[in-house]
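Novice: A single structure is presented below for examination.
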Amino acid sequence: MVNALMSSTNFIVSQGEGNIVSDMSGEKVMLSISNGKYYNLGEIGGVIWDLIESPITFNQLIESLLSQYQVEREECQKQVLTFLESLNKEKLIKLEKDI
(Lines give C-alpha, C1' and ligand atoms only; values in the text may rest on other atoms or scores of the structure.)
Protein backbone atom coordinates (compact mmCIF):
# COMPACT_ATOMS: atom_id res chain seq x y z
CA MET A 1 0.00 0.00 0.00
CA VAL A 2 1.26 3.45 -0.90
CA ASN A 3 2.20 5.48 2.16
CA ALA A 4 0.29 8.67 3.01
CA LEU A 5 2.86 10.99 1.46
CA MET A 6 2.93 9.11 -1.84
CA SER A 7 -0.84 8.80 -2.04
CA SER A 8 -1.10 12.56 -2.55
CA THR A 9 1.40 12.48 -5.47
CA ASN A 10 2.48 15.84 -4.06
CA PHE A 11 5.98 14.83 -3.03
CA ILE A 12 9.63 15.13 -3.92
CA VAL A 13 11.73 12.02 -4.42
CA SER A 14 15.48 11.52 -4.58
CA GLN A 15 18.01 8.72 -4.37
CA GLY A 16 18.99 7.49 -0.96
CA GLU A 17 22.65 7.37 0.01
CA GLY A 18 24.91 4.37 0.29
CA ASN A 19 24.08 2.54 -2.94
CA ILE A 20 26.44 1.31 -5.62
CA VAL A 21 24.77 1.32 -9.04
CA SER A 22 26.10 -0.15 -12.27
CA ASP A 23 24.83 -0.46 -15.82
CA MET A 24 24.74 -4.10 -16.97
CA SER A 25 23.65 -4.58 -20.59
CA GLY A 26 21.23 -1.66 -20.50
CA GLU A 27 19.76 -2.48 -17.08
CA LYS A 28 20.69 -0.88 -13.78
CA VAL A 29 21.73 -3.09 -10.91
CA MET A 30 22.30 -1.80 -7.40
CA LEU A 31 23.98 -2.94 -4.22
CA SER A 32 22.65 -1.35 -1.06
CA ILE A 33 25.54 -0.97 1.35
CA SER A 34 23.19 -0.41 4.30
CA ASN A 35 21.19 -3.64 3.90
CA GLY A 36 23.63 -5.77 1.86
CA LYS A 37 21.06 -6.57 -0.84
CA TYR A 38 21.33 -6.54 -4.63
CA TYR A 39 18.55 -5.11 -6.77
CA ASN A 40 17.90 -5.25 -10.51
CA LEU A 41 16.16 -1.99 -11.37
CA GLY A 42 15.65 -2.98 -15.00
CA GLU A 43 15.78 -0.62 -17.94
CA ILE A 44 12.93 1.75 -17.08
CA GLY A 45 13.70 1.52 -13.38
CA GLY A 46 17.23 2.61 -14.27
CA VAL A 47 15.86 5.61 -16.14
CA ILE A 48 13.77 6.53 -13.09
CA TRP A 49 16.81 6.05 -10.84
CA ASP A 50 18.82 8.45 -13.01
CA LEU A 51 15.98 11.00 -12.98
CA ILE A 52 15.84 11.01 -9.17
CA GLU A 53 19.59 11.59 -8.80
CA SER A 54 18.66 15.13 -7.75
CA PRO A 55 15.42 15.84 -5.89
CA ILE A 56 12.50 15.95 -8.32
CA THR A 57 8.76 16.30 -7.83
CA PHE A 58 6.61 13.32 -8.68
CA ASN A 59 4.89 15.38 -11.38
CA GLN A 60 8.21 16.38 -12.96
CA LEU A 61 9.25 12.73 -12.95
CA ILE A 62 6.03 11.70 -14.69
CA GLU A 63 6.34 14.51 -17.26
CA SER A 64 9.88 13.42 -18.08
CA LEU A 65 8.82 9.80 -18.56
CA LEU A 66 5.82 10.79 -20.69
CA SER A 67 8.14 12.76 -22.98
CA GLN A 68 10.35 9.67 -23.45
CA TYR A 69 7.79 6.86 -23.68
CA GLN A 70 4.41 6.35 -25.26
CA VAL A 71 2.27 5.54 -22.26
CA GLU A 72 -0.97 6.89 -20.84
CA ARG A 73 -0.49 9.29 -17.93
CA GLU A 74 -2.65 7.25 -15.54
CA GLU A 75 -0.77 4.02 -16.28
CA CYS A 76 2.59 5.78 -15.99
CA GLN A 77 1.64 7.25 -12.60
CA LYS A 78 0.39 3.91 -11.34
CA GLN A 79 3.51 2.01 -12.42
CA VAL A 80 5.91 4.66 -11.12
CA LEU A 81 4.13 4.81 -7.75
CA THR A 82 4.38 1.02 -7.45
CA PHE A 83 8.10 1.15 -8.30
CA LEU A 84 8.78 4.01 -5.88
CA GLU A 85 6.81 2.24 -3.17
CA SER A 86 9.05 -0.83 -3.51
CA LEU A 87 12.18 1.36 -3.36
CA ASN A 88 10.80 3.18 -0.34
CA LYS A 89 10.09 -0.09 1.52
CA GLU A 90 13.76 -0.99 1.05
CA LYS A 91 14.83 2.50 2.20
CA LEU A 92 16.55 3.21 -1.13
CA ILE A 93 14.93 6.60 -1.74
CA LYS A 94 14.14 9.76 0.19
CA LEU A 95 10.65 11.30 0.12
CA GLU A 96 9.65 14.80 1.16
CA LYS A 97 6.38 16.71 0.98
CA ASP A 98 6.30 19.14 -1.94
CA ILE A 99 5.40 22.62 -0.77
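Novice: For the chain, what does -39500 (n - 2.57) per DSSP helix run (n ≥ 4), summed and divided by total residues, give at 222 nm, in deg cm²/dmol to the nearest 500?
Specialist: Result for the chain: -12500 deg cm²/dmol, rounded to the nearest 500.
Novice: Taking GluC sites (Glu not before Pro) as exposed when DSSP calls them loop (any state but H, G, I, E, B) and at most 11 other Cβ atoms lie within 10 Å, what is the longest stretch of the chain free of them, the sites themselves excluded?
Specialist: 18-52
Novice: With every protein chain present, what is the per residue accessible area of the chain (1.4 Å probe, Å²)?
Specialist: Per residue, the chain has an accessible area of 62 Å².
Novice: While we're on this one: Got a number for the accessible area of ASP50? Probe 1.4 Å, square angstrom, nearest 10.
Specialist: Looks like 80 Å² after rounding.
Novice: On to the next question. List the chymotrypsin sites (Phe, Trp or Tyr not before Pro) within the stretch 19-90 that DSSP assigns to loop and that have no more than 14 neighbouring Cβ atoms inside 10 Å. Please list the in-between numbers first.
Specialist: Working: sites: TYR38, TYR39, TRP49, PHE58, TYR69, PHE83; in loops: TYR69.
The qualifying sites are TYR69.
Novice: What is the ratio of the Cα radius of gyration of the chain to 2.2 N^0.38 Å, where N is its residue count, to two decimals?
Specialist: 1.03
Novice: Any chance you could look up the accessible area of ILE56 with a 1.4 Å probe, heavy atoms only, rounded to 10 Å²?
Specialist: Counting only protein heavy atoms, ILE56 exposes about 20 Å² to solvent.
Novice: Report in % the part of the accessible area of the chain that belongs to carbon and sulfur, leaving out ligands and nucleic acids; probe 1.4 Å. Write out the running numbers ahead of the final one.
Specialist: Details: 3110 of 6150 Å².
In the chain, the share of accessible area belonging to carbon and sulfur is 50 percent.
Novice: Report the charge-dipole magnitude of the stretch 4-65 in Debye, nearest 20, computed about the Cα centre from +1 at each Lys and Arg Cβ and -1 at each Asp and Glu Cβ.
Specialist: Rounded to the nearest 20 debye, it is 220 debye.
Novice: Of LEU92, ASN40, LEU51, which is farthest along the charge dipole of the chain in the positive direction, counting Lys and Arg as +1 and Asp and Glu as -1 at C-beta?
Specialist: Of the options given, the answer is LEU92.
Novice: Pop out the Kirkwood hydrodynamic radius of the stretch 57-99 from its pairwise C-alpha distances, inverse of mean 1/r, in Å to one decimal. Please list the in-between numbers first.
Specialist: Working: mean 1/r = 0.0897 Å⁻¹.
It is 11.1 Å.
Novice: Let me ask something additional. How far apart, in nanometres, would the label points at MET24 and THR9 be if each is projected 7 angstrom from Cα along the Cα-to-Cβ direction?
Specialist: Computed distance between label sites MET24 and THR9 equals 3.3 nm.
Novice: Full extension from ASN40 to ARG73: what is 0.36 nm times the residue separation minus their Cα-Cα distance, to one decimal in nm?
Specialist: Value of the extension gain: 9.4 nm.
The values are calculated or read from the model by the stated rules, or taken from the named source; none is laboratory data. These figures come from a predicted structure and were not determined experimentally. When we count neighbours, we look across all protein chains shown, and the Cβ atoms used for this are built from the backbone with ideal geometry, even at glycine. With ligands, DNA and RNA removed, areas are computed over all heavy atoms of the protein, side chains included. Shrake-Rupley method; radii C 1.70, N 1.55, O 1.52, S 1.80 Å.
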